[in-house]
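S.K.: This is the structure I have questions about; it appears just below.
Read the figures in this text as sums done on the coordinates, not as results from a lab. Quick caveat, the model's predicted, so the values are computed rather than measured. Cβ placement follows ideal geometry from the backbone for every residue including glycine, while neighbour counts extend to all protein chains displayed.
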Amino acid sequence: MKITELVPPDMAVVEADGISMEISLALVEDVSVGDYVIVHTGFALEALDIGEAEKTLEMLRDISKSDE
Amino acid sequence: MMHRLISDVILRYSGSSGHNELDDAAELHIEGNSIAFSTDTFVVKPVFFPGGDIGSLAVSGTVNDILMKGARPAFLSLSLVLEEGFPLEDLERILESIRQTSAKANVEIVTGDTKVVGRGEADSIFINTAGIGTILPGVHVSGSNARPGDAVIVSGTVGRHGIAVMSERGGLNLKGGISSDAAPLNEAVLPLLDRFKGAVHTLRDPTRGGAATTLNEIARSSDVGITVEESAIPVDEADNAVCELLGFEPLYLPCEGRFLAFVEPSTAGEIIKFLREESGCREAAIIGEVTKTAAGVVQMRTLSGGSRILDMPSGELLPRIC
Amino acid sequence: MNGNILKKLREPELIRRLCDRLSKLDVPEKVKIMEVCGTHTMAIHRMGLPPLLPPHIRLLSGPGCPVCVTPGSYLDTAFEMAGEYGITLVTFGDMMRVPGSKDTLSLLRSRGYAVEVVYSPMAALELALENPGRDFVFLAVGFETTAPAVAATVIAARRKNAGNFSILCSHKLVIPALEVLVDDPEAAVDGFMLPGHVSAVLGSEPYRFIPDKYSRACVITGFEPYDIVHGIFMLLAQIESGEFSVEIQYSRGVRPQGNERARECMFEVFTPVDTVWRGFGTIPGSGLAVADDFAGFDAGVRYPVKTEPFPEPEGCRCGEVLRGIIEPPDCPLFEAVCAPGNPVGPCMVSSEGTCAAFYRYSRSFDTR
């Protein structure tokens, strides 16, 4: 989910597909508005690396090409 | 467990005049008139939720049950059980909601009852509504009427009501495009039946247990198999996001303003067009078909091209959702 | 713009093509892959993957379902506490139907006991803060994905002086269970699909012993359908090449070094202890207990109760299922006696349990 607002000291508002909620940032460091995070039981567990997501997409597109 | 409570215990005590089809409403014949009769009690918590409240739900719920029997809802009874101390302004808000929903449904509340019990003896407010209507001529819809080859149609996005209620629980404070779909279906169903009559074999609104449960019930009642396509099932994006967060599936969450229709396959295309263009059901879709094989089982072809069984939900359904 | 990548990854056309490629793979010899985590088991069945797998690939479910491996005595303890001390039990939803020796939380609630379902341990703390006149015990169950969140909640509880809040801790650690599994000659799997979110916390290092010492394939995998198929391709590639390592498929969420802050938080509040896993018995150093420093938040210390030893149900073969030795249909109780509406053992109780997932999504049926 995407961070849309920081709520000091350690909370943030996250959003996905039109829904939003407040979560705790107690378990992550150096995240800012606009970053994506993995959300689990009301906490951000880790930041999502969009660059790596792009690489995954490339790899999957390669794999899915038929070799006919 | 609720199913077994009803079938193993309660039905044993009810009269045996053949009205045990377990459809949403009973079909009665009184002096030559075919009448649908239904009742429901509403215990939803919280009482006010995004898109509705226990009042709008109480009217829509019973009105829709009558409609699902192919009948035009005419009259409702309204019974309230209030916990002492229930705020008057909340009661007035609910009553206004009942008034507005009844007007939309074109039904009149003609009789009722109100009781107040001590604090702690009932949670806030419980509402019972019962309704009657006359079955449209040339129409015979029933859960046991689905036939192999029938197209399975849903009138709109699924799971909305369940998600709206669940989003208010568990301390999540979700905000966003979540809203119950609770609404009377008369403006869609009556013209549909009027136009397509006997081509509509089954109508059911997927309430407790969601569309998956309703499909299973019909598969068993009609002794047929049902196959649905995951890619064809309309789900609101925001609802999907909530389901992922909470670990639910939209197909298993109640709708209170949608219906499933099992129809003659040759009419399916026309019916979809009719629903989308003339009945305000913009997301109506053909989601599957009835098969001869695997009777009693509902299967789904998934987005990835695989398949899985859409089973009856087991154990506890979500409490106090309608 | 960034969110677009995540949307593109989810496009149905992509997963359809990936699954098509997978189903046409020529896998020359039998391959056994264990998906460790209950969330993977569920995801695999929900996406309808089993019918698509090429004939020689077998997917086995492992013990990564915290509800499945929580001993029944834990629930008995919670029920005793509720009965004796009048506390409110607060829990994740998937614990509601787990049977203790006599009851479930769901049944307890229907008999008037105070039981609340929450989606976050913080919500449990909030309940306590909003209701100072009542005592609340949060049922802390889960692996390293959840334990840091519970730890952070306990730290917050101390900061806010929530004297009426405590936890009944039954957290478990994945690595010790994997050590037992991979060492078991009966449970011979060729590769492990490792849990994505646990690994976001742990990183890839702690799993190194699996390829290094036991020559098995390891791929840390995400939970989307495309992640799972990708993970299977990567595992097959390792197995085919004979070169084993811990690879990270879920690279957008998992760093090799993991999340140090989450681990620090976890070990500030908890210490590793020996603990019982349903189906495995005691595994050394495999659980977490509340550290002495936080004893005030340990429900086990605040509300001592006596519980009877928990009898394992007769005929139940969950232990072998959890270790990937047999599959659900191999258990004589499966379907005939043990089903989601009437679960005998833990693998059927949890919605993520191997037997529950198999029963609900994949069991064969007679065509009539």
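S.K.: For peptide C:248-260, how many partner chain Cβ atoms fall within 10 Å of a residue's Cβ, on average? Please list the in-between numbers first.
M.R.: On the way: counts 1, 2, 3, 7, 14, 10, 4, 4, 0, 0, 1, 8, 1.
That average works out to 4.
S.K.: Test of understanding: what is the full-extension gain from C:Asp20 to C:Asp293, defined as 0.36 nm times their sequence separation minus their Cα-Cα distance?
M.R.: Values: separation 273, 0.36 × 273 = 98.28 nm, distance 5.44 nm.
Value of the extension gain: 92.8 nm.
S.K.: Select from region C:276-363 those GluC sites (Glu not before Pro) which occupy a DSSP coil region and have at most 10 other Cβ atoms within 10 Å, ordered by residue number.
M.R.: Details: sites: C:Glu314, C:Glu320, C:Glu335, C:Glu352; in loops: C:Glu314, C:Glu335, C:Glu352.
The qualifying sites are C:Glu314.
S.K.: So for chain C, averaging the separation of alpha carbon pairs under 8 Å that are six or more residues apart and normalising by length, what relative contact order in percent results? Present the calculation step by step, with values, prior to reporting the outcome.
M.R.: Working: 660 pairs, mean separation 76.6, N = 368.
With pairs under 8 Å counted, the relative contact order is 21 percent.
S.K.: A follow-up question, please. How large is the convex hull of the C-alpha atoms of region B:186-320 per residue, in Å³?
M.R.: Values: hull volume 17.5 nm³, N = 135.
Dividing the Cα hull volume of region B:186-320 by its residue count gives 130 Å³.
S.K.: Then there is this: Return one quarter of the surface area of the convex hull spanned by the alpha-carbon atoms of region B:137-204, equal to its mean projected area, in nm².
M.R.: Details: hull surface 25.5 nm².
Dividing the Cα hull surface by four gives the mean projection, 6.4 nm².
S.K.: Pull up all non-local amide H partners of C:Ala217: gap of 5 or more, or a different chain, and H-to-H distance under 5 Å with H placed in the peptide plane.
M.R.: Under 5 Å from the amide H of C:Ala217: C:Gly191, C:Phe192.
S.K.: Sticking with this structure for a sec: Can you tell me the equivalent ellipsoid semi-axes for the protein assembly as shown? Use √(5λ) from the Cα gyration tensor, largest first, whole Å. Before the final figure, lay out each step's value.
M.R.: Values: eigenvalues 373, 207, 124 Å².
Each semi-axis is √(5λ); the values are 43, 32, 25 Å.
S.K.: A further question follows. Grab the beta carbon distance between B:Phe75 and B:Glu31, set R0 = 22 Å, and tell me the FRET efficiency rounded to 0.05. Don't jump to the answer; show the numbers that get you there.
M.R.: On the way: r = 17 Å, r/R0 = 0.79.
Approximately 0.80, to the nearest 0.05.
S.K.: So what J values fall out for region B:129-146 if you push phi through Karplus, 6.51 cos²θ - 1.76 cosθ + 1.60 with θ = phi - 60°, rounded to Hz, Gly and Pro as x?
M.R.: In residue order, the calculated couplings are 10, 10, x, 10, x, 9, 6, 5, x, x, 10, 9, 9, 7, x, 9, 9, 5 Hz.
S.K.: Charges on Cβ only, +1 for Lys and Arg, -1 for Asp and Glu, centred on the Cα centroid of region C:225-323; of C:Cys265, C:Gln238, C:Gly319, which one is farthest towards the dipole's positive end?
M.R.: C:Cys265
S.K.: Using the crude model of +1 on Lys and Arg Cβ and -1 on Asp and Glu Cβ, and no other charge, please compute the dipole size for chain B relative to its Cα centre, in debye to 20.
M.R.: Working: 27 positive and 43 negative charges, 85 e Å.
So the magnitude is around 400 debye.
S.K.: How far apart, in nanometres, would the label points at B:Asp113 and B:Asp194 be if each is projected 7 angstrom from Cα along the Cα-to-Cβ direction?
M.R.: Taking the two extended label points, one gets 3.6 nm.
S.K.: Fully extended, how many nm does the chain gain between C:Ile175 and C:Val301 (0.36 nm per residue separation, minus their Cα-Cα distance)?
M.R.: Working: separation 126, 0.36 × 126 = 45.36 nm, distance 2.72 nm.
In short, 42.6 nm is gained.
S.K.: Taking only Cα atoms, what is the 0 to 90° angle, nearest 10, from helix C:174-183's long axis to the longest principal axis of chain C?
M.R.: 50
S.K.: A further question on this structure: Once label points are set 7 Å from the Cα along Cα→Cβ at both C:Arg159 and B:Leu88, what is their separation, rounded to one decimal in nm?
M.R.: With each label placed 7 Å out from Cα toward Cβ, I get 4.5 nm.
S.K.: Could you work out the helix-only [θ] at 222 nm for chain A, with each DSSP H run of four or more residues adding -39,500 (n - 2.57) and the total divided by the number of residues, to the nearest 500 deg cm²/dmol? Before the final figure, lay out the partial values.
M.R.: Working: 1 runs with 15 residues, N = 68.
Value at 222 nm, helices only: -7000 deg cm²/dmol.
S.K.: Ordered by packing density, taken as the mean number of other Cβ atoms within 10 Å over each peptide's residues, highest first, how do B:138-148, C:159-169, B:254-264, B:117-127 rank? Walk me through the numbers before you get to the answer.
M.R.: Working: B:138-148: 17.9, C:159-169: 19.7, B:254-264: 26.1, B:117-127: 14.8.
Peptide ranking by packing, descending: B:254-264, C:159-169, B:138-148, B:117-127.
S.K.: Quote the FRET efficiency, to the nearest 0.05, computed for B:Arg320 versus C:Glu312 with a Förster distance R0 of 60 Å and r equal to the Cβ-Cβ distance.
M.R.: Working: r = 35 Å, r/R0 = 0.58.
Here the calculated transfer efficiency is 0.95.
S.K.: Can you give the extra length, in nm with one decimal, that the chain gains between C:Asn131 and C:Ala188 once fully stretched, where that is 0.36 nm per residue apart less the Cα-Cα distance? Write down the numbers at each step before the final one.
M.R.: Numbers: separation 57, 0.36 × 57 = 20.52 nm, distance 5.14 nm.
Value of the extension gain: 15.4 nm.
S.K.: Tell me the volume per residue, in Å³, of the convex hull enclosing the alpha carbons of chain B. Mind showing how you got there, number by number?
M.R.: On the way: hull volume 46.2 nm³, N = 322.
Given the Cα convex hull of chain B, per-residue volume reads 144 Å³.
S.K.: Continuing with this model, one more query. Considering only C-alpha atoms, what is the centroid distance from region A:24-68 to region B:194-255, in Å?
M.R.: One Cα centre to the other: 32 Å.
S.K.: At R0 = 35 Å, how high is the FRET efficiency between A:Met59 and C:Ser110 if r is their beta carbon distance? Nearest 0.05 is fine. All intermediate terms of the calculation are to be shown ahead of the outcome.
M.R.: Details: r = 50 Å, r/R0 = 1.43.
It comes to 0.10.
S.K.: Could you state the angle between the C-alpha long axis of helix C:72-85 and the longest principal axis of the C-alpha atoms of chain C, as a value from 0 to 90 degrees rounded to the nearest 10?
M.R.: Computed tilt is about 20 degrees.
S.K.: For chain B: lysine pairs with Cα atoms under 25 Å, gap of 8 or more or different chains, count?
M.R.: Count of close lysine pairs: 11.
S.K.: While we're here: Which whole-angstrom value gives the distance between the alpha carbon centres of region C:1-53 and region B:72-126?
M.R.: Between the Cα centre of region C:1-53 and that of region B:72-126, the gap is 50 Å.
S.K.: Further, regarding this structure: Could you tell me which residue out of C:Val31, C:Ile5, C:Gly83 lies farthest along the dipole of region C:1-111 toward its positive end? Charges go on the beta carbon: Lys and Arg +1, Asp and Glu -1, centred on the Cα centre.
M.R.: Of the candidates, C:Ile5 comes out farthest on the positive side.
S.K.: Give the percent of DSSP beta bridges with both residues in the protein assembly as shown that are antiparallel, rounded to the nearest 5. Present the calculation step by step, with values, prior to reporting the outcome.
M.R.: Values: 72 of 118 bridges.
Antiparallel: roughly 60 percent of the beta bridges in the protein assembly as shown.
S.K.: Between C:Gln257, C:Gln238, C:Gln249, which gets the highest mean-square fluctuation from a Gaussian network model of chain C, Cα cutoff 10 Å?
M.R.: C:Gln257
S.K.: Oh, and also: Hey, in the GNM for chain B with a 10 angstrom Cα cutoff, which one of B:Thr207, B:Thr302, B:Thr157 fluctuates hardest?
M.R.: Greatest mean-square fluctuation among the candidates belongs to B:Thr302.
S.K.: Tally Lys/Arg at +1 and Asp/Glu at -1 over every other residue whose Cβ is under 10 Å from the Cβ of C:Gly253; what's the total? Don't skip to the answer; put the middle values down first.
M.R.: Values: positive: C:Arg252, C:Arg255; negative: A:Glu46, A:Asp49, A:Glu52, C:Asp227.
Residues close to C:Gly253 contribute a combined charge of -2.
S.K.: Check B:Thr291: other-chain or 5+ apart residues with amide H under 5 Å from its amide H, H built from backbone geometry?
M.R.: B:Gly149, B:Gly225, B:Ile226, B:Thr227
S.K.: Ok, one more. Charges at C-beta only: +1 for Lys and Arg, -1 for Asp and Glu. How large is the resulting dipole of region B:202-273 about its Cα centre, in Debye rounded to 20?
M.R.: Details: 5 positive and 13 negative charges, 55 e Å.
Computed charge dipole of region B:202-273: roughly 260 debye.
S.K.: Determine one quarter of the surface area of the Cα convex hull of region B:50-160, which equals its mean projected area, and express it in nm² to one decimal.
M.R.: Working: hull surface 36.7 nm².
Taking a quarter of the hull surface, the average projection is 9.2 nm².
S.K.: Could I ask something else about it? What translational D, rounded to a whole number of µm²/s, comes out for region C:1-146 from Stokes-Einstein when the hydrodynamic radius is the Kirkwood one over Cα pairs, at 10 °C and 1.306 mPa s? Don't jump to the answer; show the numbers that get you there.
M.R.: Working: Rh = 18.7 Å.
Value of D from the Cα-based Kirkwood radius: 85 µm²/s.
S.K.: Same structure, new question: For region C:76-124, what are Rg and Dmax over the alpha carbons, in angstrom?
M.R.: In Å, with Rg to one decimal and Dmax whole: 10.2, 30.
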